[in-house]
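For reference, the structure is listed below as structure tokens.
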Amino acid sequence: MTISATRHPVFFLRGFLFLGLLLAAAPAAAKPEIDEANARLLSITTHGASVHQRLTLSLDKAAIVQLDADARDVLVSNPDMVDAIVRTPRRIFLLANKVGQTNAFFFDANGKQILSLDIRVERDVTDLSTLMHASMPNSSIKVQALNDNVVLTGSVSSAIEASHAADLAARFAGDPKKVVNMISVAAGQQVMLKVRIAEMDRNIAKQFGIDLTAAAKIGGVPMVTSTSNPYGLLGRALSDMSGSQIGSVCPQAFTPTVTTNIATSATTGSPATTTTSTNTSIPCSSPNNAQGVLKALEQVGLVHMLAEPNLTAVSGETAKFLAGGEFPVPASRDRDGNVTVVFKQFGVGLSFTPVVLSPGRISIQLSSEVSELSNTGSFLLNGSTSGNGLSIPALSVRRTETTIELPSGGSFAVAGLMQHNTKQVIDGFPGVKDLPVLGALFRSRDFQNDETELVVLVSAYLVEPTAEGALAAPTDGFVAPTDPETLLLGRLNAVYRKDAKPVTPQAAAPVGFVVR
């Protein structure tokens with residue numbers, strides 16, 4: 001195909017016109033829209049000399065630089081961060097596009113620098129600051145932006161307000177790691193916890209009846225029968241009918257001895273109970289025997305337990321307290337066969353973590369325990385009951401774990417227990433024990449009644465340090481007695497008035513750090 005020469009100039013002319021229109025329209029379309037009314041105005045007076053200033057721009061916001069001299073060229077070190085638009089030689093717009101730092105230099109027609117700006121672009125935290133002041137009017141919080149992070153400073157009246165401020169800043173920044181919380185709490189932050197664990201335990205035990213024991217040999221087979229107390233009560237033997245002969249039927253070859261424990265003499269525990277005992281051995285070579293013991297017991301016991309541990313901790317921190325001890329418990333054996341032990345704690349223990357929510361509210365995570373060694377539930381390590389093995393004691397425990405909220409000076413009953421146990425049994429010879437009147441001679445009645453009441457009271461206080469002289473210790477004013485006071489008067493400490501000064505101890509020889 002051949003194109004005539006007369007059409008070539010027209011074709012190229014139309015192409016150049018179209019390209020010129022595109023180039024002319026491109027700058028107009030790319031020019032950003034700037035709200036000059038809300039833009040920050042920075043007026044610079046140079047007086048013919050170069051000026052250096054710092055400028056902080058909010059992200060996606062603009063600033064207007066107003067000069068008193070004409071600027072021909074503007075150089076920005078990082079155009080992706082800050083864009084410079086020259087409206088007139090003396091009016092330049094700076095638009096912040098990205099968080100960071102950059103520089104901008106302004107030159108006149110002769111190439112002389114008339115202005116140098118150190119520009120920092122940060123997030124605009126004005127809305128966040130306004131929201132915090134509106135939601136927490138009694139607080140004094142200052143919000144700042146630093147390298148795309150939010151910095152909180154100032155003071156609040158409670159820890160819960162500081163937590164709310166941190167939550168708002170985390171939502172604003174989009175990431176909790178971008179929040180630097182430097183808020184201080186003006187309210188008292190030390191909490192003293194007072195725990196009272198009170199228990200009353202009352203028990204009643206009654207026993208009345210006859211324990212019978214008989215040994216005989218019937219058809220060459222030795223037999224022993226007896227009645228015993230299923231609760232282990234130790235009654236007093238009011239009468240003894242032992243050794244009643246029935247007949248001689250045991251041959252010489254029958255040599256074992258049958259031993260019966262009618263009662264055991266003991267003084268145990270609190271309250272004290274004293275009983276008598278009669279131990280009778282019935283050899284099989286002797287005549288057949290029957291024994292009977294009339295036993296009666298009435299025991300009333302009362303146990304009063306009160307523990308009051310006190311502990312102080314800073315808000316948000318955990319404090320622990322233990323007044324007691326540790327006892328070893330075998331855990332395993334090593335390669336050499338040696339027994340390894342672990343230590344278990346017992347006594348009065350307290351652990352709590354307070355959080356001061358506001359001047360009138362304290363949240364407490366509490367764990368309280370009172371434990372003591374007990375023979376109930378103990379066992380022998382070798383599994384026998386002969387008493388020759390290693391006895392491992394058990395623990396009687398009162399434990400409470402809870403989380404509560406209360407005001408300073410307020411109290412709470414966080415736990416309580418009322419327990420009532422009644423045990424009663426009648427044992428005797430079958431059939432005979434059910435006979436009217438005479439059946440009482442062949443049966444025994446045991447009765448136990450236990451009543452327990454336990455309560456755990458918690459009180460919390462906001463406290464502050466005080467002078468040493470305002471505190472008192474249990475050992476203040478104690479003075480050891482002299483030998484004559486101990487021997488003649490039986491005193492364990494010197495006697496003086498409550499408001500008087502402690503007696504100065506007397507020494508029979510020169511004492512001190514240096515003796516000359």
For this session: Take the alpha carbon gyration tensor of the range 43-166, find the square roots of its eigenvalues, order them as a ≥ b ≥ c, and report rounded if a/c is under 1.5; if not, report prolate when a/b exceeds b/c, else oblate.
Result: prolate
Seminar exercise, completed: For the range 296-436, the charge dipole (Cβ of Lys, Arg +1; Cβ of Asp, Glu -1; about the Cα centre) points to a positive end, and the Cα of 397, 299, 363 closest to that extreme belongs to 363
Exercise. With θ set to phi - 60° and the Karplus curve 6.51 cos²θ - 1.76 cosθ + 1.60, what are the ³J(HN,Hα) couplings of the range 48-53 in order, to the nearest whole Hz, using x for Gly and Pro?
Worked result: x, 10, 6, 10, 10, 9
Exercise. When a footprinting reagent is the concern and you count Cβ atoms within 10 Å, what order do 380, 454, 117 take, fewest first?
Worked result: 380, 454, 117
For this session: May I ask which residue of 110, 100, 129 lies farthest towards the positive end of the charge dipole of the range 90-130, with charges of +1 (Lys, Arg) and -1 (Asp, Glu) on Cβ and the Cα centre as origin?
Result: 110
Exercise. Residue-wise, which Karplus ³J(HN,Hα) couplings in Hz belong to the range 440-447, taking 6.51 cos²θ - 1.76 cosθ + 1.60, θ = phi - 60°, and x for glycine or proline?
Worked result: 5, 6, 10, 9, 9, 10, 10, 9
Problem set entry | Selection from 139, 198, 181 lying farthest towards where the dipole of the range 120-208 points positive, charges on Cβ | 198
Exercise. Given a Förster distance of 51 angstrom, what is the FRET efficiency for residue 445 paired with residue 344, based on the Cβ-Cβ distance and rounded to 0.05?
Worked result: 0.80
Exercise. What is the extension gain from residue 417 to residue 171, computed as 0.36 nm multiplied by their sequence separation minus the C-alpha to C-alpha distance, in nm to one decimal?
Worked result: 83.9 nm
Exercise. What residues qualify as long-range amide H neighbours of residue 114, i.e. H under 5 Å apart, gap of 5 or more or another chain, H built at 1.01 Å from N?
Worked result: 106, 107, 108
Problem set entry | Cβ charges +1 (Lys, Arg) and -1 (Asp, Glu), total dipole of the range 424-483, debye | 580
For this session: List the residues whose amide H sits under 5 Å from the amide H of residue 61, counting only those 5 or more places along or on another chain, with H placed 1.01 Å from N in the peptide plane.
Result: 96
Exercise. Given R₀ = 51 Å, FRET efficiency for residue 333-residue 296 by Cβ-Cβ distance, to 0.05?
Worked result: 0.55
Exercise. Which loop trypsin sites (Lys or Arg not before Pro) in the range 311-360, with loop taken from DSSP, have no more than 11 other Cβ atoms within 10 angstrom of their Cβ?
Worked result: 335
Exercise. Using a Förster distance of 35 Å, how high is the FRET efficiency between residue 68 and residue 140, based on the Cβ-Cβ distance and rounded to 0.05?
Worked result: 0.30
Problem set entry | Cleavage-rule hits, chymotrypsin sites (Phe, Trp or Tyr not before Pro), the range 416-488, DSSP coil, Cβ neighbours within 10 Å at most 12 | 478
Seminar exercise, completed: Under the 7 Å Cα-to-Cβ spin-label approximation, residue 485 and residue 78 lie apart by a distance in nanometres of 8.1
Exercise. Which of 344/423; 194/423; 142/178 have a Cα-Cα distance over 27 Å?
Worked result: 344/423; 194/423
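Rule-based calculations on the coordinates, nothing more; no lab input. Computed from a predicted model, the values in this text were never measured in an experiment. So basically every Cβ, Gly included, is an ideal-geometry build from the backbone, and we count neighbours across all protein chains shown.
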